[in-house]
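See below for the structure under consideration.
Computed from the coordinates by the stated procedures, all read-outs in this text should not be read as laboratory data. Given the structure is predicted, the values throughout are model-derived calculations rather than measurements. For neighbour counting, all protein chains shown are included, and Cβ atoms are generated from backbone atoms with ideal geometry for every residue, glycine included.
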Amino acid sequence: MLIDRARIHVKAGNGGNGSSSFRREKYVPRGGPDGGDGGRGGDVHLRAAPNLTSLLPFQYNQKFAAEAGGPGRSQQRHGKNGASLDIDLPPGTIVWDDESGELIVDLTESGQVFTIAQGGKGGLGNVHFKSSVRQAPRVAELGEPGGERWLRLELRMIADVGLVGLPNAGKSTLLSAVSRARPKIADYPFTTLEPNLGVVEIGGIDGQSFVMADIPGLIEGAADGAGLGHEFLRHVARTKVLVHVVDASGGLEGRDPLQDFETINAEIAAYDPEMAGKPMLVALNKIDIPEAIDNLPRLRTAMRDAGYRVFEISGVTGEGVPPLLQSVAAELREAAERQREIEEKRKAEEKTVFRLPEVDERAWTVTRTGQDEFTVTGIGIERFTRMTDFDNEEGADRFQRVLQSSGISAELEKQGVKPGDVVTIAGHELFWGEEDELAEFGFEE
Ligand SMILES: Nc1nc2c(ncn2[C@@H]2O[C@H](COP(=O)(O)OP(=O)(O)O)[C@@H](O)[C@H]2O)c(=O)[nH]1
Ligand SMILES: [Mg+2]
């Protein structure tokens, strides 16, 4: 099996800082606050893009960052929102969080989009913090940092096209002629129950490519009841087109190729009726041998009469191979089109764009983490803490008011917080202040 792996870092854009500017107008003494909000940072999306078959590009390029939001500006002007970034991955890519090992998403379907990192919110400009007692507030929020993480990508290639045929028909030879796969050739009819995979690249405008599997052992294994590996079955089940390779020469024993063809078809039908229903192209192989040439007119007529599309090829010389591949590619495009219609119907009923799970951002938890230590967690309060500019006295004041109005201060008191204790929120260490201090909290300088 072909497994491709890569490790990449994604970073959503930081939110822009809010502006703390003041109006400078001739007749407005100490003009009012007019600093606008920072722009939102761009998200990073993963997208399963058709036609991609490899993670190779990610060996060279590992860092991906969406644009940061612009800072808010004077005259209440909003900062520019950062552009989001789409990372195209081949369908079949499995995405893990590199640190925790958690499975994040399995991009199975072409077109599937997943938001992997959310852009930071823009900070509020000081225009929002106007009140009657606060004529000229300096406070403005910092932008929220964008999400970032290391990801592990794994692409397990699934075959689009399966090569079937009797041992020695020339399946492995054909696969190695059209791809970089190097299956063992000849003398290995029973070697392996793992399919060999190769990526076949068809030139042309859209640079179509597909994954072809040489499926040895299907018939042998199925016929004598040998257990086929799970991976093997997965490949067989997911192929969309079969190419039936027939040794048109009849081999050294002078067999009848039509008889060979029937044998395999009967076994496929017995093995899995669904597989027998897949589109099948016939490749009459070894046309570089005189015996094959002699057989061609008879085989061609019989198979076409039976409704098959027939190609005459030589895996060894390459003769006749390009038209076969073009037809396979066309067949796959049709299969993809049918699949897309099914998907669209399904999409009409359910949403297939996955988002990060929705959670209650305002929920918080206060935990006593030591004799004199407490930790406050919660998405909203942590974000607010990261966005607070503690160097700014008014920002710090506002922070305290939020702690009070949210009930966090009351909960800390209920749990027995006393002056001098450390309260940690989003990595900031805050000291609980004395009752009679102006500020209930003092902040570490
Ligand atoms: N002359 C000739 N020999 C071929 C051709 N394709 C395969 N062979 C030979 O047939 C034998 C079996 O080929 P292989 O690809 O291993 O068949 P598989 O068992 O179907 O995978 C090998 O000796 C190949 O060299 C062909 O187009 N022309
Ligand atoms: Mg083989």
First measure r as the distance between the Cβ atoms of residue 276 and residue 317, then evaluate 1/(1 + (r/R0)^6) with R0 = 30 Å and state the FRET efficiency to the nearest 0.05.
0.45
Rg/Rg_ref, region 365-443, where Rg_ref = 2.2 N^0.38 Å and atoms are Cα
0.99
Remind me, relative contact order of region 365-443 in percent, using alpha carbon pairs under 8 angstrom and six or more residues apart?
31
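Extension gain residue 113-residue 156, at 0.36 nm per residue separation less the Cα-Cα distance, in nm?
Details: separation 43, 0.36 × 43 = 15.48 nm, distance 1.84 nm.
So the chain would gain 13.6 nm between residue 113 and residue 156.
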Within straight-line cross-link reach of residue 11, lysines at Cα separation under 30 Å, skipping those fewer than 8 residues along the same chain:
63, 80, 121, 347, 351
Cα centroid separation - region 274-349 against region 44-64, whole Å:
31
For a quick check: sort 431, 64 by the number of other beta carbons within 10 angstrom, fewest at the front.
431, 64
Given labels modelled 7 Å from the Cα in the Cβ direction, how far is it in nm from residue 372 to residue 335?
7.0
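As a footprinting exposure proxy, order 418, 80, 121 by other Cβ within 10 Å, with the fewest listed first.
Exposure proxy ranking, most exposed first: 418, 80, 121.
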If you take every residue apart from residue 317 with its C-beta less than 13 Å away from the C-beta of residue 317, what net charge results, scoring Lys and Arg +1 and Asp and Glu -1?
-2
Most exposed to least, judged by fewest other Cβ atoms within 10 Å, 256, 34, 360 sort to 360, 256, 34
May I ask you to derive the FRET efficiency for residue 391 and residue 431 from their Cβ-Cβ distance with R0 = 25 Å, giving the value to the nearest 0.05?
0.95
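Stretched out fully, how many nm does the piece from residue 100 to residue 256 gain, at 0.36 nm a residue minus the Cα gap?
50.3 nm
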Quick calc, residue 359 & residue 415: beta-carbon distance into FRET formula, R0 30 Å, rounding 0.05, result 0.80
